[in-house]
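Take a look at the structure set out below.
The values are calculated or read from the model by the stated rules, or taken from the named source; none is laboratory data. Values in this document were obtained by computation on a predicted structure and should not be read as measured data. Ideal geometry is used to build each Cβ from the backbone, glycine not excepted, and the neighbour counts take in all protein chains shown. Accessible surface is based on the protein model in full, side chains and every heavy atom, while ligands, DNA and RNA are left aside. Shrake-Rupley method; radii C 1.70, N 1.55, O 1.52, S 1.80 Å.
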Amino acid sequence: MKVDFIVDKERFEKERIKKNKIFQADLLLPDNMFKRGFDDFLFFESIFLYHEDFFEGMIEFIKKLGNNSFTFYTVSPNPESYFYYYFKKYSVAVIPITATSDEYQEFIHRDPGDSPADSMFSNGETVVLFSETPEWGIVASKDWEIGIVGFKTKKVREFFIESFKEDVGSDKMFDTLDSYIQQFDSMFHMTEEAKKRWYNLRKNYLGY
């Protein structure tokens, strides 16, 4: 089994250290979860995180970075106080570039232990992805229905766009936040309160 939950505390701590180089601890959307220096973002519908095309693009991206894997890590529910407490495993997995899309799908839908509703797909409210290269990261929120790719350098951003070249741009998988806000408004006719909520997120990430 190439993709599995981490059960060893030392290995979990290693992944948490990597995560904390990219993301601020204990923050969730609409706060800016990225650390200072990440100021270039792409946005996508969070459900894409679980699609085959997304996985294939990620593997290509990780290869371009020269890394051997990427990490899938839920920050909500908490991997220790919730997931390890109930299942004696962490809601964290290191996914090697040799993994297949089927193995990824099996993992994210896997019952962690007599509780199918706690699979990563069903109960991973806020998920972050990262790798050994601490110049990029992804956060995806089920509640907000939005995912955010953050970049620290132009080179890494270019690698990402090359890996997802058919999916970046207007009305494609990865687009601007304004485009997504307009789409959500046209579909759901957002209330003024909902618009204020979204523009608060926009301010936190784009600063204007």
Under 15 Å by backbone N from the virtual spin label 7 Å along Cα-to-Cβ at Asn204, the residues of segment 116-131 are 126-128
Residues of segment 105-144 with backbone N under 14 Å of the label point set 7 Å from the Cα of Lys64 along Cα→Cβ are 136-137
Over the chain, the sum of -39500 (n - 2.57) across DSSP H runs of at least four, divided by residue number and rounded to 500 deg cm²/dmol, gives at 222 nm -11000 deg cm²/dmol
With all protein chains present, the chain has a carbon and sulfur share of its accessible area (1.4 Å probe) in percent of 48
P(r) of segment 1-105 over all Cα-Cα pairs, 10 Å bins starting at 0, rounded to whole percent, reads 12, 40, 41, 6
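Using the Cα centre as the reference, give the magnitude of the dipole from point charges on the C-beta atoms of segment 1-92 (Lys, Arg: +1; Asp, Glu: -1; all else neutral), rounded to the nearest 20 debye.
The dipole magnitude comes to about 480 debye.
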For the pair Ser186 and Lys88, the simple spin-label estimate (label points 7 Å beyond Cα toward Cβ) gives in nm 5.2
If R0 = 22 Å, then Asn78 and Asp143, at their Cβ-Cβ distance, give a FRET efficiency to the nearest 0.05 of 0.90
To the nearest 10 degrees, the tilt of helix 177-188 (Cα long axis) against the first principal axis of the alpha carbons of the chain is 80
Rounded to 0.05, the calculated FRET efficiency for the beta carbons of Lys9 and Glu132 at R₀ = 25 Å is 0.80
Computed over the chain: longest principal axis from alpha-carbon atoms vs helix 9-20 long axis, angle to nearest 10 degrees, is 20
At q = 0.21 1/Å the base-10 log of I(q)/I(0) from the Debye formula over the alpha-carbon atoms of segment 78-191 is -1.30
Karplus-derived 3J(HN,Hα) from phi for segment 108-124 (6.51 cos²θ - 1.76 cosθ + 1.60, θ = phi - 60°), whole Hz, x at Gly and Pro, runs 5, 9, 6, 6, x, x, 6, 7, x, 5, 9, 5, 4, 5, 7, 10, x
In cubic angstrom per residue, the convex hull of the chain built on its Cα atoms measures 122
Between the Cα axis of helix 192-206 and the main Cα principal axis of the chain, the angle (0 to 90°, nearest 10) is 70
Whole-Å distance linking the alpha carbon centroid of segment 1-70 with that of segment 153-168 is 16
The answer for the chain, accessible area per residue at 1.4 Å probe in Å², is 50
Here D for segment 81-141, in µm²/s, from Stokes-Einstein with a Kirkwood Rh over Cα pairs at 10 °C and 1.306 mPa s, works out to 124
